[in-house]
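Below is one structure, written out as structure tokens; comments come after it.
The values are calculated or read from the model by the stated rules, or taken from the named source; none is laboratory data. Predicted model, so just to flag it, every value in this text is computed and none were measured. Glycine also receives a Cβ, built like all others from the backbone with ideal geometry; neighbour counts cover every protein chain displayed. In case anyone asks, the SASA skips ligands and DNA or RNA and just uses the protein heavy atoms, side chains included. Shrake-Rupley method; radii C 1.70, N 1.55, O 1.52, S 1.80 Å.
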Amino acid sequence: MGIGQEVVARCCQLAKHTEEPGWITRTFLSELMHCVHADLRAWMEQAGMSVHVDAAGNLRGYYGGTRADAPKLIVGSHLDTVPHAGAFDGILGVVLGVALVKSLGGRRLGFGIEVVGSSEEEGVRFGFPFIGSRALVGSLDDTLLTRRDAGGTSVADAIRAFGLNPEAVGEARVTGATLGYLEFHIEQGPVLESLNLPLGVVTSIAGQSRLEVMFEGKANHAGTTPMHLRRDALAGAAEWIGAVERETAATPSLVATVGKIEAQPGAGNVIAGSVRMSLDVRHTKDAVRAEAVKSLLDSAQQIAAQRGLVTSSELRLDQAAVAMDAQLIEMLGCAVRESGYTDHRMHSGAGHDAMVMAERMPAAMLFLRSPGGISHHPDEAVLEADVEAALATGLRFVHQLERAHG
Ligand code: GLV
Ligand code: MN
Ligand code: MN
């Protein structure tokens, strides 16, 4: 089996470990993550790595360098998924990291390589992303550990239930000299495909705001309450969702999404008394994003006031846009060209562990074309030839790093 074929087959094998039969769904430290770790651990050990799971649930395989005190390069991405996901978002970056080490064929470098499968990036279970990479940079603080999921389980309890010790989360922090962080990831958009290119070098990652927005009205009988005497929270929310779409479309490159909505009490013959929604807003310029969030919340206030409703919001995430490291971008671009591909530079609209890792070390990302531009969907795919292109680039990148630091 060729290496591209093997990487794709391994991603598909990991996709079988799912919380929902018939779909791919794997949230932070669900029971199934043990199976993902077991498969990856075996592949890492076969490639010559020593493996452990840190207290935040990140799977970490280390391939030592020629010297015990050698610095290291971290290659990683995430192992959790959105609900009803595809097989490659995050997982491909980890499996490709293992393939990169395997391709060294046992040869040791002047630096070590740590392949990290981060435990959580999507923010599905706790409404808050990057739990795994926050632990790696040492910013998973006690407040975050007390956050609760929909079932009332805290992050600390979830860590405990997985057999780990939340009090040791501080020990997950990356220590020692680190050359940088490299993340392979599917593009999750249509740009590379439209240009007929297999690879893209990421220059920056858009900032994101995530909020919960609530509308409160009055639940009442659906048959007896005349239309003009209602305080329908769901009708207010619907009007606002339309406004989010309309207002966002008026600003170039701004995107905003209401992806989740819950109405209470949630019966066909009861006017909804309260609604809770998610709001996700992204732009490469933080000032534009901040202004958009303010203006969308103002619109919610206006709509609520006109309908006799009350609206409120809770900020879940305010993640600034992040530039990738200029030197690593150049090295990666050069590695792409040396491997015989076009060195296309692009920004990322999706969030990635790299934006958190960049707080502590130089970070770089290589995108692989997404067939059909589809992601966060079961149809998500990657071409074996593109996987081989990414791997060839990764190997050249590693050799350049060795020339610079070996
Ligand atoms: C991660 O997939 C994101 O929401 O950008
Ligand atoms: Mn994702
Ligand atoms: Mn991802």
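Go over the candidates Leu73, Leu109, Leu40, Leu92 one by one and state the one that is of a type in the set (A, V, I, L, M), open to solvent by less than 10 Å² (accessible area, probe 1.4 Å) and over 26 Å from Met331 (Cα atoms).
Leu40
Looking at (1) in a loop (DSSP other than H, G, I, E, B); (2) in contact (Cβ under 8 Å) with a residue 24 or more places away in the chain; (3) within 30 Å of Ser348 (Cβ to Cβ), which is the only condition Gly268 fails?
Here Gly268 clears every test but (3).
Could we say that Ala354 is closer than 19 Å to Phe88 by Cβ, at pLDDT 95 or above and surrounded by fewer than 24 Cβ atoms within 10 Å (Cβ to Cβ) here?
So Ala354 fails the test.
Given the conditions (1) within 16 Å of ligand 2 (Cβ to nearest atom); (2) of a type outside the set (Lys, Arg); (3) surrounded by 24 or more Cβ atoms within 10 Å (Cβ to Cβ), report the number of the one that Leu136 does not fulfil.
(1)
For Thr153, indicate whether it is open to solvent by 10 Å² or more (accessible area, probe 1.4 Å), over 28 Å from Lys72 (Cα atoms) and at pLDDT below 95.
Spelling it out, it is not the case that Thr153 is open to solvent by 10 Å² or more (accessible area, probe 1.4 Å), over 28 Å from Lys72 (Cα atoms) and at pLDDT below 95.
Go through the residues of the stretch 39-51 one by one and say whether even a single one is assigned to a loop (DSSP other than H, G, I, E, B) and under 20 Å from the mean Cα position of the chain (by Cα).
no
Each row is one residue, and each column tells you yes or no for (1) at pLDDT 95 or above; (2) within 28 Å of Gly123 (Cα to Cα); (3) part of a helix (DSSP H, G or I); (4) open to solvent by 50 Å² or more (accessible area, probe 1.4 Å).
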{"residue": "Phe215", "(1), (2), (3), (4)": "yes, yes, no, no"}
{"residue": "Arg231", "(1), (2), (3), (4)": "yes, no, no, yes"}
{"residue": "Ala238", "(1), (2), (3), (4)": "yes, yes, yes, yes"}
{"residue": "Ala243", "(1), (2), (3), (4)": "yes, yes, yes, no"}
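Can you name the condition, by its number, that Thr143 falls short on among (1) away from ligand 1 (no atom under 16 Å from the Cβ); (2) assigned to a loop (DSSP other than H, G, I, E, B); (3) of a type outside the set (Lys, Arg); (4) open to solvent by 30 Å² or more (accessible area, probe 1.4 Å)?
The single condition Thr143 does not satisfy is (2).
When you scan the stretch 328-341, do you find a residue that is assigned to a helix (DSSP H, G or I), in contact with a Gly (Cβ under 7 Å, 6 or more places away or on another chain) and over 19 Å from Val387 (Cα atoms), even just one?
Yes.
How many residues are buried (at least 24 other Cβ atoms within 10 Å of the Cβ), within 11 Å of ligand 2 (Cβ to nearest atom) and within 10 Å of the chain's Cα centre (by Cα) if we restrict to the stretch 76-89?
The qualifying residues number 5.
Which of the residues belonging to the stretch 271-315 are assigned to a strand (DSSP E or B), over 30 Å from Met346 (Cβ atoms) and open to solvent by 30 Å² or more (accessible area, probe 1.4 Å)?
Arg276, Val310, Ser312, Ser313, Glu314
Of the residues that sit in the stretch 65-101 and are in a loop (DSSP other than H, G, I, E, B) and under 18 Å from Leu136 (Cβ atoms), which one is nearest to ligand 1 (Cβ to nearest atom)?
Restricting to residues being in a loop (DSSP other than H, G, I, E, B) and under 18 Å from Leu136 (Cβ atoms), the top hit is Gly90.
Give the residues of the stretch 123-140 that are in a loop (DSSP other than H, G, I, E, B) and of a type in the set (Val, Ile, Thr), sorted by residue number.
Val124
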